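Undergrad: Please read through the structure below; I'll follow up with questions.
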Amino acid sequence: MTHSAQAARLTLVRGDITSQDVDAVVNAANSGLLGGGGVDGAIHREGGIRILEECRAILVRQGRCPAGEAVITSGGRLKARYVIHAVGPVWQGGEAEEERLLARAYENSLRLALEHGIRTIAFPCISTGAYGFPAERAALIAVTTVREFVDSHGGIHEVRFIVFSEADREIYERLL
Ligand code: AR6
């Protein structure tokens with residue numbers, strides 16, 4: 001097990017993920033990788049066409065990105081140098097491995113971050129918007145998975161959880 005000299009900070013910000021000044025922002029993408037609403041819409045709108053072009057190239061190269069997986073592009077016009085496009089599961093009632101897939105989406109994002117020398121990364125509340133994952137369960141999985149990962153891998157300095165609503169802010173504040 002390798003540890004960084006300094007433990008990673010887990011922080012909480014209420015706001016728009018597209019304006020975060022971090023090495024990478026994570027997108028709550030879909031398997032098609034070509035944009036959508038919510039976080040995905042905002043990231044492509046603010047980040048510009050380059051991100052979409054890179055997503056297209058990935059799609060041609062490796063096909064659709066299944067739930068639980070993640071891919072990486074540049075950050076286009078965003079302050080962030082990279083966008084990690086993570087695909088969360090669609091909530092189907094809890095019996096379709098949604099919890100495991102959500103954890104994998106966080107874990108695979110962090111794995112990609114390490115491979116690219118990313119030190120600071122911002123996550124949205126993956127799957128809790130259009131995909132309908134219950135907010136509290138999702139937050140517990142997010143925080144637990146991230147904590148476990150950063151505790152057992154060195155290299156990440158800050159993981160910032162970005163919440164959009166006051167309700168989500170309260171949930172994360174309790175967990176952190
Ligand atoms: N910054 C931070 N958080 C945001 C922002 C923003 N700019 N906009 C929304 N949120 P969602 P999902 C919050 O629906 O559930 C897309 O169409 C939002 O309030 O973006 O994983 C994709 O293309 C919620 O808490 O992602 C997929 O098809 C959270 O981000 C699908 O939606 C996630 O909501 C993915 O659905």
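Undergrad: Where residues in the stretch 92-107 are outside any loop (DSSP other than H, G, I, E, B) and open to solvent by 30 Å² or more (accessible area, probe 1.4 Å), which of them is nearest to the ligand (Cβ to nearest atom)?
TA: L101
Undergrad: Going through the stretch 34-91 one residue at a time, which ones are part of a loop (DSSP other than H, G, I, E, B), of a type in the set (G, A, S) and more than 18 Å from A130 (Cβ to Cβ)? Walk me through it before giving the result.
TA: Here is the first cut: in the stretch 34-91, the ones part of a loop (DSSP other than H, G, I, E, B) are 34-37, 48, 63-69, 75-81, 88-91.
Those still in the list that are of a type in the set (G, A, S) too: 35-37, 48, 63, 67-68, 75-76, 80, 88.
Result: G48, G63, G75, G76, A80.
Undergrad: Here is a check on your reading of the model: is A167 within 15 Å of the ligand (Cβ to nearest atom), touching a helix residue (DSSP H, G or I) at 6+ places or on another chain (Cβ under 6 Å), assigned to a helix (DSSP H, G or I) and touching a residue at least 12 places away in the same chain (Cβ under 8 Å)?
TA: For A167, the condition - within 15 Å of the ligand (Cβ to nearest atom), touching a helix residue (DSSP H, G or I) at 6+ places or on another chain (Cβ under 6 Å), assigned to a helix (DSSP H, G or I) and touching a residue at least 12 places away in the same chain (Cβ under 8 Å) - is not met.
Undergrad: Could you grab the pairs with beta carbons closer than 9 Å, sequence gap of 6+ or different chains, first residue in the stretch 139-163 and on the phi > 0 side of the Ramachandran plot, second one of a type in the set (A, V, I, L, M, F, W, C) and assigned to a helix (DSSP H, G or I)?
TA: G155/A113; G155/L114
Undergrad: Report yes if F133 is part of a helix (DSSP H, G or I) and either buried (at least 20 other Cβ atoms within 10 Å of the Cβ) or out of contact with any Pro (no Cβ under 9 Å at 6 or more places or on another chain) (or both), otherwise no.
TA: So F133 does not fit the description; no.
The values are calculated or read from the model by the stated rules, or taken from the named source; none is laboratory data. This one's a predicted model, so the numbers in the text were calculated from it and none came from an experiment. Positions of Cβ are generated from backbone atoms using ideal geometry, with glycine treated the same way; all protein chains shown enter the neighbour counts. All accessible areas refer to the heavy atoms of the entire protein, side chains included, with ligands and DNA or RNA removed. Shrake-Rupley method; radii C 1.70, N 1.55, O 1.52, S 1.80 Å.
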